[in-house]
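J.: This is the structure I want to talk about, given as structure tokens.
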Amino acid sequence: MRLTVTHQTVYRFDEPMWGVVQSHRLTPARTASQTVIDWTVSVEGGTSGAAFRDAAGDWIETLTVRGPVTEITIDVAGTVETEDTAGVLRGHRESMPPRAYLRPSRATTPDAALAALAEKAVEKIALGDTLAAAHALSHAITDAIAYTPGETHAQTTAAEALAQGKGVCQDHAHALIAAALCREIPARYVAGYLYSAADEAMAEASHAWAELYIPDLGWVGFDPANACCPDERYIRLGSGADAAEAAPIRGIALGEGQEALDVSVAVEQVQQ
Amino acid sequence: MSKTPRYFNEMFENGKLRPPYKGLEGWARDMPVDLRTMKQNEAEALFRRIGITFAVYGEGGDPDRLIPFDMFPRVFTDTEWRKLERGVTQRARALNAFLTDVYGRGEIIRAGRVPANLVYCNEAFERAVVGIRPPRDVYSHIVGIDIVRTGPDEFYVLEDNCRTPSGVSYMLENREIMMRMFPHLFQENRIAPVDSYPRQLKRTLASVAPPKCEGEPVIVILTPGSMNSAYYEHSFLADMMGMELVEGQDLFVDGDFVWMKTTEGPQKVDVIYRRIDDAFLDPLCFRPDSMLGVPGLMNVYRSGGVTLASAPGAGVADDKAIYTFVPEMVRFYLGEEPLLQNVPTWQCAKADDCAYVLEHLAELVVKEVHGSGGYGMLVGPKSSAGQIEAFRSKIEENPANYIAQPTLALSACPTFVEEGLAPRHVDLRPYCLVGQDVVLVPGGLTRVALTEGSLVVNSSQGGGVKDTWVLAD
């Protein structure tokens, strides 16, 4: 499937700021399931630098804008050819030891309820069948947290989302990671884009899911928010232990002003 | 009441004067009490004047009190020191090789010599620096190794400090003050100087400038600020090395580099000797609420635009659970036998070890895996039954958080007390510099437990300091 992405992020400040520094994870890597045809990240008036590929295989760039600044617009546009690999991340160059994702972060620290959910989900699964366990955990999270926008926020933890029984893709991913960690399965958060046809229920073009590490297969994506594994509708941007670490844009504005954020993402299929 | 085990007296062995202390026996014996009091007051006044104080957490009282200085020096012979030096530099090389390895291919883990989870699930393991090769493969540029002595020829490493060990300003100031107060001692004894330390540190830092640096590297010291307990040391070292002492707000990231604000415009910075913990270095990579660091710093570091000393993530090598494996690191990376011994350590994370520890609490020293400064530890032989029982429930609650060691009979060195001279237990922290070369200045910080019989030398727990002499041959 050939997909185009247009992703605009606008930061507006109610008074001029001294400067802005951002770390961007906005460029998809090449994998067996995605080939970048063209891709640009453009910002007006800033300096781009300190770029590198990290051990998890993500391309990171640093943006610095010197003040006074009242508004920044980051435009991402590109075309990606995708393939369905049933969620398996193949052909992705990375050197991070999977076990480095066994330690929970603030957002993914399991509580007793998550541990109980994880235990119950895998009780009928043969010991050592990590793939079946991962599917079972993902189903359990889908069932336990209803997709409900507006009930959670950026800082909501996995435990809080489960207690509420409501959340968005970020909460589903955090909860699945926490549940996987209870079973000692390395798990991480993935940020990316999702194409939905006009008639599909969930139109969340800016999306997130989880990857669990399965012996012999490697990292495999699970999307509890959509009760499936990533397929050709998904574009993977980057990963981290949780939403904060995997964030496509992580930044700070220096000054006293209040920030207002406006994000628009569109993913469309190119008819060939 | 408390039983103190037999210990090694560094000045008198079986009642006989040991040779390194020959030059001090008469000096101490012949010093009239009033002169001693006068000198002690003079020393305190000097310390106050230079402003070297140490904030003590969690004890109440004056946070800026002086660390007590004891005028009676601790002495090593040249032979003793050379042995220590070989052991310390060996250990510093092995620790750096370990860090390069675990942030690289992880050979020691693949070889089954160190458990993977101990490294990768460690709180101090930083995913953000996996795959990064710092200049000269040095992660820990200043390695502080805490050593205790139990006999004429027996030294044990208590712990390694690979992040930002503090206290070196005391090594330098203690010497300075001793030389000022007792110049004749330095004429009568051939004492190796320690004043090359700042120069050696500067050379070490310059030797790890990033490849992108052309010409003379610009080096700065990054401090969390004047509220930090070691702020005196930060400003002292900046002074001694002739470099800028900066706070996070004095630096900024632009393009590929880190810059320092100066009156003449931005100046590119090549090497940052940071005295800020990893978690606070960069809100874009670590704690987002940190105001102490520099936003974007880690991206510049990771793309090779600046060197951070010590490197983020270095703490995974000095964790108390990793400590057990340091002798293994020496064998694995250097193909040598370790010259300095570890103290036998029980890991409460292991069921067998934990059972042993819980049965022998009254004889052991129990420490938190991530604790420091002598807080949150139990010294079994010095504790009441109630304290031991309270600690027992803490261990049972979270065994993985504790390790235990036998109560070592720390050596004692004569110390001026109310009644005259009396032996008090001491340890030693030498500061090993690792850059292009691995160097150890002949000296270190000797800490002394001033309370009779006490084995806790931490300055935060009422310990004092001494000048440490290494006699030239």
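J.: Ordering B:Trp81, B:Trp27 from largest to smallest accessible area (1.4 angstrom probe), what's the sequence? Don't skip to the answer; put the middle values down first.
T.: On the way: B:Trp81 10, B:Trp27 35 Å².
My answer, sorted largest first, is B:Trp27, B:Trp81.
J.: Once you average over the residues of A:46-58, how many Cβ atoms of partner chains fall within 10 Å of each Cβ?
T.: 6
J.: I've got another one for you. Could you tell me the largest-minus-smallest coordinate of the C-alpha atoms of the range B:211-305 on each of the three principal axes, in descending order and whole angstroms?
T.: Answer, in whole Å and largest first: 33, 32, 24 Å.
J.: A further question follows. With just the Cα atoms defining each centre, how far is the range B:259-295 from the range A:228-272? Give it in Å.
T.: Computed from Cα coordinates, the inter-centre distance equals 26 Å.
J.: To the nearest 500 deg cm²/dmol, what mean residue ellipticity at 222 nm is calculated for chain A from DSSP H runs of n ≥ 4 alone, each contributing -39,500 (n - 2.57), summed and divided by the residues?
T.: -5500 deg cm²/dmol
J.: So if I take the centroid of the Cα atoms in the range A:26-60 and the same for the range A:115-152, what is the distance between those two points in Å?
T.: 32
J.: For the range B:374-439, max minus min Cα coordinate along each principal axis, in Å, sorted largest first?
T.: Ordered largest first, the range B:374-439 gives principal extents of 47, 44, 18 Å.
J.: How many Cβ atoms of partner chains, on average, are near each residue of A:15-23 if near means within 10 Å of its Cβ? Walk me through the intermediate numbers first.
T.: On the way: counts 0, 0, 0, 1, 4, 1, 11, 4, 9.
That works out to 3 on average.
J.: Name the helices (complete DSSP H segments) of chain A with a Cα length along the long axis of 15 Å or more and a Kyte-Doolittle mean of at least 0.0, or state none.
T.: On the way: long enough: A:130-144 (21 Å, 0.72); A:169-182 (20 Å, 0.91).
Span-like helices, by this rule, are A:130-144, A:169-182.
J.: To continue, here is another question. If I take the Cα coordinates of the range B:408-456 and project them onto the principal axes, what are the three extents in Å, biggest first?
T.: 48, 22, 12
J.: Using a Gaussian network model of chain A with C-alpha springs under 10 Å, which one of A:Thr40, A:Thr79, A:Thr109 is most mobile by mean-square fluctuation?
T.: Checking each option, the largest mean-square fluctuation is seen for A:Thr40.
J.: Over the heavy atoms of A:His207, what accessible area does a 1.4 Å probe trace out, to the nearest 10 Å²?
T.: 10
J.: Here's another thing I want to ask about it. I want to check the label-to-label distance for B:Glu214 and B:Gln40. Put each point 7 Å from Cα in the C-beta direction and report it in nm to one decimal.
T.: Distance between label points: 6.1 nm.
J.: Could you do me a favour and compute the accessible area per residue for the range B:305-389, 1.4 Å probe, result in Å²? Walk me through the numbers on the way to the answer.
T.: Values: 3160 Å² over 85 residues.
Roughly 37 Å² per residue, with all protein chains present.
J.: May I ask you to give the solvent-accessible area per residue for the range A:159-272, in square angstrom, as obtained with a 1.4 angstrom probe? Please list the in-between numbers first.
T.: Working: 4390 Å² over 114 residues.
Result: 38 Å² per residue.
J.: Turning to a different aspect of this structure: Might you work out the accessible area of B:Lys202 for me, using a 1.4 Å probe with all protein chains in place, and round it to the nearest 10 Å²?
T.: Its accessible surface works out to 80 Å², give or take rounding.
J.: So, one more: For the range B:430-473, rounded, prolate or oblate, judged on the Cα gyration tensor with a ≥ b ≥ c (square roots of eigenvalues), a/c < 1.5 rounded, else prolate if a/b > b/c? The partial results should precede the final answer.
T.: Details: a/c = 4.27, a/b = 1.94, b/c = 2.20.
Oblate, because a/c is 1.5 or more while a/b does not exceed b/c.
J.: Express as a percent, rounded to the nearest 5, the fraction of DSSP beta bridges in chain B (both residues included) that run antiparallel.
T.: Values: 47 of 65 bridges.
DSSP beta bridges in chain B are roughly 70 percent antiparallel.
J.: Using a 1.4 Å probe over the heavy atoms of the protein chains, calculate the carbon and sulfur portion of the accessible area of the range B:390-473 as a whole percent. Don't jump to the answer; show the numbers that get you there.
T.: Numbers: 1260 of 2760 Å².
Ligands and nucleic acids excluded, carbon and sulfur reach 46 percent.
J.: Expressed as a fraction of 2.2 N^0.38 Å, the rule-of-thumb size for a compact globular protein of N residues, what is the C-alpha radius of gyration of the range A:84-237? Walk me through the numbers before you get to the answer.
T.: Values: Rg = 14.4 Å, N = 154, 2.2 N^0.38 = 14.9 Å.
Rounded to two decimals, the normalised Rg is 0.96.
J.: Let me ask another. Would you mind giving the total buried accessible surface between chains B and A, with a 1.4 Å probe and ligands, DNA and RNA left out, rounded to the nearest 100 Å²? Write out the running numbers ahead of the final one.
T.: Details: alone 20550 and 13120 Å², together 31330 Å².
In total, chains B and A hide about 2300 Å² from solvent.
J.: Using only the alpha carbons of chain A, what is the convex hull's orientation-averaged projected area in square nanometres?
T.: That works out to 14.4 nm², a quarter of the Cα hull's surface.
J.: On to the next question. Let me check the size of the protein assembly as shown from its C-alpha atoms; what are the radius of gyration and Dmax in Å?
T.: Over the protein assembly as shown's Cα set, Rg and Dmax evaluate to 28.8, 100 Å.
J.: Here's something else I'd like to know. In what sequence, highest mean first, do A:241-252, B:32-43 appear when ranked by Cβ atoms within 10 angstrom? Before the final figure, lay out the partial values.
T.: Working: A:241-252: 21.1, B:32-43: 12.2.
Result, highest mean first: A:241-252, B:32-43.
J.: Now for a different question. If I model chain B as equal point scatterers sitting on the Cα atoms and use the Debye formula, what is log10 I(q)/I(0) at q = 0.06, 0.11 Å⁻¹?
T.: Computed log10 I(q)/I(0) values: -0.27, -0.94.
J.: Once the Cα atoms of the range A:1-46 are picked out, what are the Rg and Dmax in Å?
T.: Just the Cα atoms of the range A:1-46 yield Rg and Dmax of 14.8, 46 Å.
J.: Shifting gears a bit: Along the Cα-to-Cβ line of B:Ser196, 7 Å from the Cα, sits a label point; which residues in the range B:212-254 have backbone N less than 19 Å from it?
T.: Counting only backbone N, you get B:240-242.
J.: Next up: Could you work out the mean count of beta carbons from other protein chains within 10 Å of each residue's beta carbon in B:291-302?
T.: Numbers: counts 0, 0, 0, 1, 12, 11, 3, 4, 15, 4, 2, 9.
Mean shielding count: 5.
J.: Among A:30-37, B:275-282, how do they line up by average Cβ neighbours within 10 Å per residue, starting with the highest? Walk me through the numbers before you get to the answer.
T.: On the way: A:30-37: 17.2, B:275-282: 21.6.
Packing order, densest peptide first, comes out as B:275-282, A:30-37.
J.: Rg and Dmax of the range B:318-403, using alpha carbons, in Å: what are they?
T.: Using the Cα atoms of the range B:318-403, the pair Rg, Dmax is 14.2, 47 Å.
J.: Grab every C-alpha pair in the range B:107-257, bin the distances at 5 angstrom width from 0 up to the longest one, and report whole percents.
T.: 1, 6, 10, 15, 18, 16, 13, 10, 6, 3, 2, 0
J.: Something else now. How would you order B:193-201, B:317-325, B:94-102 from highest to lowest mean count of nearby Cβ atoms within 10 Å? Intermediate values should be presented prior to the final figure.
T.: Values: B:193-201: 17.8, B:317-325: 22.3, B:94-102: 24.0.
Ranked by mean Cβ neighbours within 10 Å, highest first: B:94-102, B:317-325, B:193-201.
The values are calculated or read from the model by the stated rules, or taken from the named source; none is laboratory data. What you are looking at is a predicted structure, and each value in this text was computed from that prediction instead of being measured. Reconstructed Cβ throughout: ideal geometry from the backbone, glycine too, with neighbour counts over all protein chains shown. These accessible areas exclude ligands, DNA and RNA; they are computed on the full protein's heavy atoms, side chains included. Shrake-Rupley method; radii C 1.70, N 1.55, O 1.52, S 1.80 Å.
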